[in-house]
Amino acid sequence: MLTLIPTPIGNLEDITLRALRVLREADIIACEDTRTSSVLLRHYDIANKILVPFHLHNENKVLNNLLNNLRDGKNIAVISDAGTPGISDPGWILLKRAIDDGLDVDVLPGPTACIPAVLLSGLQPQPFLFYGFIPEKSSERVKLFNELKNFKYTLCFYISPHKASKDIQDIIKILGDRDAALVREISKIFQESIRGSLSHILNMLETQSLKLKGEMVLVIAGAGQDEPEIDNDQWQQLAREMRAQGLSVKDIASELSDKFNLNKNKVKDYLNNLKR
């Protein structure tokens, strides 16, 4: 049986009883960094396990050996340094091969950074798009943000501290200065959610010398989410008053479109229906 097991993203208590049981029963534990995983295993007195380094740089090298062990009936647990393996962490390739080969697989529920971050952001939590890590190459970042420019769902990215300022600068250039939140140190002692506009977050990063460690989550409002709701009663009353004053439908539509961020045709349709 192959089992992907989420591990704590901060506080070591954030692990399920089932996850601990499966780790104790595993014949082999494939882990992103044996040093990091050993801390967790020692904390819960899980000893005498075969630890196999399994990370983005050696996935393909150890893949066949792990698959052969699964075929031989071994129980293999896959864990990453933090969070759920397979999502922006090693594990998916092995899981997919095991599924394709008809082997028994399971994925346990547990810690992940994106869900707490989306809720802590205070932005609309559903629906949202989780992208993962922002591309390192500038050309790829620009392409990505242009593709998401008109996307209406809340956006969620993993972001590295040494690239945070540059990434946010690029986002502002393309998406505009939207409402956002930078959530860091999730489930740790110094957990913090920096909320406000993207420019406010950028200013916090550049002027207050925040000591950023580890990976963070950047949550951004989708296109149009941070625009105020349109008060239909208000613009419709104003439209009737302007029409009574003799202004043309075209002029009224143009003025109210600018004032209330309305579609001109919506105003025209409303006024034309009044005539009937």
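The values are calculated or read from the model by the stated rules, or taken from the named source; none is laboratory data. The structure presented is a predicted model; accordingly, all values stated were derived computationally and were not measured. Cβ atoms come from the backbone with ideal geometry, glycine included; neighbour counts cover every protein chain shown.
Yes/no matrix, rows are residues, columns are (1) more than 23 Å from residue 12 (Cβ to Cβ); (2) in a loop (DSSP other than H, G, I, E, B); (3) among the acidic types (Asp, Glu); (4) touching a residue at least 60 places away in the same chain (Cβ under 8 Å):
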residue	(1), (2), (3), (4)
151	yes, yes, no, yes
156	yes, no, no, yes
172	yes, no, no, no
177	yes, yes, yes, no
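Hey, among the residues in the range 153-172 that are of a type in the set (D, E, K, R) and more than 15 Å from the chain's Cα centre (by Cα), which one's farthest from residue 184 (Cα to Cα)? The selected residue is 170. For the range 139-195, a tally of residues being farther than 11 Å from residue 221 by Cα, of a type in the set (Ser, Thr, Tyr) and touching a Phe, Trp or Tyr at 6+ places or on another chain (Cβ under 7 Å) returns 1. Beta carbons closer than 8 Å, at least 6 apart along the sequence or on distinct chains, pair a first residue in the range 42-54 that is at negative phi with a second that is at pLDDT below 95 and acidic (Asp, Glu) for 53/32; 53/33; 54/32.
Evaluation of residue 228 against the conditions (1) outside any helix (DSSP H, G or I); (2) at pLDDT 85 or above shows that the sole unmet condition is (2).
Quick test for you: out of 30, 98, pick the one residue that is outside the structural domain of residue 188 (by TED's automatic domain parsing), more than 30 Å from residue 220 (Cα to Cα), at pLDDT 95 or above and outside any helix (DSSP H, G or I).
30
How about the range 3-23: which of its residues are surrounded by 15 or more Cβ atoms within 10 Å (Cβ to Cβ) and either over 26 Å from the mean Cα position of the chain (by Cα) or not in a strand (DSSP E or B) (or both)?
Scanning the range 3-23 gives 5, 6, 8, 9, 10, 14, 15, 19, 20, 22, 23.
Of all residues in the range 238-276 being hydroxyl-bearing (Ser, Thr, Tyr) and surrounded by fewer than 17 Cβ atoms within 10 Å (Cβ to Cβ), which is nearest to residue 224 (Cα to Cα)? I'd like the intermediate steps shown before the answer.
In the first step, residues of the range 238-276 are kept if they are hydroxyl-bearing (Ser, Thr, Tyr); the result is 248, 254, 257, 270.
Okay, now just the ones that are also surrounded by fewer than 17 Cβ atoms within 10 Å (Cβ to Cβ), so 248, 254.
Details: 248: 29, 254: 20 Å.
Per the stated criteria, the residue is 254.
Number of residues in the range 43-66 that are surrounded by 18 or more Cβ atoms within 10 Å (Cβ to Cβ) and over 28 Å from residue 186 (Cα atoms) equals 1.
Per-residue answers, yes or no, for (1) out of contact with any strand residue (DSSP E or B) (no Cβ under 7 Å at 6 or more places or on another chain); (2) within 15 Å of residue 215 (Cβ to Cβ); (3) modelled with pLDDT of 90 or more:
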| residue | (1), (2), (3) |
| --- | --- |
| 64 | yes, no, yes |
| 75 | yes, no, yes |
| 106 | no, no, yes |
| 123 | no, no, yes |
| 147 | yes, no, yes |
| 158 | no, yes, yes |
| 162 | yes, yes, no |
